[in-house]
Amino acid sequence: MSTQAAFTAEAERALYSRVTRRIIPFLFLCYVFAYVDRVNVGFAKLQMQQDLRISDAVYGMGAGMFFLGYFFFEVPCNMALQKIGAKYWLGPIMVVWGVVSACQMLVSSAASLYITRFLLGVVESGFFPGVILYLTFWYPRRYRAKMLAAFMTAIPLSGVIGGPISGWILESMSNSSALRGWQWLFLFEAIPSILAGVLTIYILDDAPRKAKWLSAEEKQLLEQRLEEETQAKQLEAPGHYTLADAFRSPKVWLLGLIYFGMVMVNYGISFWLPQIVKETLSRNVLAIGFLTAIPWGLAAITMVAVGHHSDKTGERRWHIALTSILCSAAFAASAIPGIGGLWSFLAITVATASIAASYSTFWALPTTLLSGTAASAGIAWINSIGNLAGYVSPYLVGKIRDTTHSMTAALLMLSFCCLVSGILTLIVFRPQVKHLTRRA
């Protein structure tokens, strides 16, 4: 009896549920720590900017320097993961980025801010694309949007968790000892990443065949499903398997451009939301921490709901496009002259939830186009192109604020970016119509 015949559909679903319970919660927790370390500079800014006497543009460039380091090292890091394995790659880099993140407490000038943020990007560049690739070692495409959404809810939930904690640290530790509140923030929030990095070596398995908690039959079924998908993709798109194929594919470059627009919006929110709340609703740092948790909380719910619906229907294009266009409309509404602080905050909340749903579903697209070495390089390259927006977005918002002394133009710029991503998704991934020709 074949492995496939030995498993009923119900037993197979139960197996994938067990795999999910084993790996997704831990990866989710690791990404929460990673994302907090990446964006907590937005809260640190509330005190750090005055202490260091830096402009909004300098802060924005410092926040964005993370992504230059990320860009240059992401592809080689993902190739390394495929050769070394997840546990001995992801674990050590988490420890190192925790140490580098803590070193941000030593920043004393614009130059040192740029250097530490660049180094943080270098050491963290292997994590997110590595996890995207790692999930393809376990799940066929019909499960991935939901798994990616579950994993990527760490982004909004890091705001739900990190916002109040960051606000509390700034409020309670500002006059403690010789350190300022923002310095304690960087130190305390780096410790979980270091601990999680050590645990990764003991918890993660590189692939089903190395998982001691699976039976031989279960390992065989999981690998058989992946092999069936690889063969199917080779029949559908035989030119998307090698390293060169990833860079030759026009759709890979277009996916990078679409993701660029999404990341412009995401980091426009991540690095500037505390400042927006401070200027429109409250100047109390603890209140700011709790208020910023609201948009991210709604985003977490929306990501899971949209990802689940996308998997259930098998549709990706309209899920991505419509949420991107809704995000654009919400940002445009938040920029209406004279709009009240509460209404503006409500619009930004809708925009945050919309773009979160969009980019979580987005990552189900590259893995349907690419296999093998092309998948590891292609995923990393798309993420690299997109994350250049992580450099452009905070700097551009800061520059606009320094020039106009307002967020209005910056919000309209972010609205335009997600509108372009939505429209491009509809154009690039429109259904292919096969034209029938009559025989003479």
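Among the conditions (1) aliphatic (A, V, I, L, M); (2) under 30 Å from residue 315 (Cα atoms); (3) crowded, with 23+ Cβ neighbours inside 10 Å, the only one that residue 79 does not satisfy is (3). Of all residues in segment 137-159, none that is free of Cβ contacts under 8 Å to residues at least 12 places away in the same chain has its Cβ atom under 9 Å from the Cβ atom of a residue that is among the acidic types (Asp, Glu), 6 or more apart or on another chain. Picking from residues in segment 377-416 that are in a helix (DSSP H, G or I), of a type in the set (Gly, Ala, Ser) and at pLDDT below 90, the one that is surrounded by the fewest Cβ atoms within 10 Å (Cβ to Cβ) is 384. Restricting segment 100-150 to residues that are in contact with a Gly (Cβ under 8 Å, 6 or more places away or on another chain) and among the small types (Gly, Ala, Ser) leaves a set whose member that is modelled with the highest pLDDT is 110. A search for C-beta distances below 6 Å between a residue of segment 213-237 that is crowded, with 18+ Cβ neighbours inside 10 Å and any residue that is at pLDDT below 75 and assigned to a helix (DSSP H, G or I), counting only pairs 6+ apart in sequence or on different chains, returns 220/3; 221/3. Taking segment 118-145 as the range and being within 12 Å of residue 97 (Cβ to Cβ) and surrounded by 21 or more Cβ atoms within 10 Å (Cβ to Cβ) as the test, the residues that pass are 120, 121, 122, 123, 124, 125, 126, 127, 128. Among the conditions (1) in contact (Cβ under 8 Å) with a residue 24 or more places away in the chain; (2) more than 16 Å from the chain's Cα centre (by Cα), residue 262 misses just one, which is (2). The set of residues from segment 47-56 being in a loop (DSSP other than H, G, I, E, B), surrounded by fewer than 18 Cβ atoms within 10 Å (Cβ to Cβ) and in contact (Cβ under 8 Å) with a residue 12 or more places away in the chain comprises just one member, 55. Within the span defined as segment 417-430, one or more residues are at pLDDT 90 or above, part of a helix (DSSP H, G or I) and among the polar types (S, T, N, Q). Tell me, yes or no, whether segment 293-305 has at least one residue that is within 18 Å of the chain's Cα centre (by Cα) and more than 18 Å from residue 159 (Cα to Cα). The answer is yes, given that some residue of segment 293-305 is within 18 Å of the chain's Cα centre (by Cα) and more than 18 Å from residue 159 (Cα to Cα). Here the helices (runs of 4 or more DSSP H) wholly within segment 292-376 that include at least 1 residues being modelled with pLDDT of 90 or more are 317-334, 341-362.
Being surrounded by fewer than 21 Cβ atoms within 10 Å (Cβ to Cβ), of a type in the set (Asp, Glu) and free of Cβ contacts under 8 Å to residues at least 60 places away in the same chain, is that true of even one residue in segment 2-22? Checked against the condition, which is being surrounded by fewer than 21 Cβ atoms within 10 Å (Cβ to Cβ), of a type in the set (Asp, Glu) and free of Cβ contacts under 8 Å to residues at least 60 places away in the same chain, segment 2-22 yields at least one hit.
This table checks each residue for (1) surrounded by fewer than 23 Cβ atoms within 10 Å (Cβ to Cβ); (2) within 25 Å of residue 171 (Cα to Cα).
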| position | (1), (2) |
| --- | --- |
| 28 | yes, no |
| 58 | yes, yes |
| 66 | no, no |
| 90 | no, no |
| 94 | no, no |
| 97 | no, no |
| 109 | yes, yes |
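Scanning segment 224-274 for residues that are more than 24 Å from residue 138 (Cβ to Cβ), at pLDDT below 75 and part of a helix (DSSP H, G or I) yields 244, 247, 248.
The values are calculated or read from the model by the stated rules, or taken from the named source; none is laboratory data. Note that this is a predicted model, so its numbers are computed, not measured. In this analysis, Cβ positions are derived from the backbone assuming ideal geometry, glycine residues included, and neighbour counts consider all displayed protein chains.
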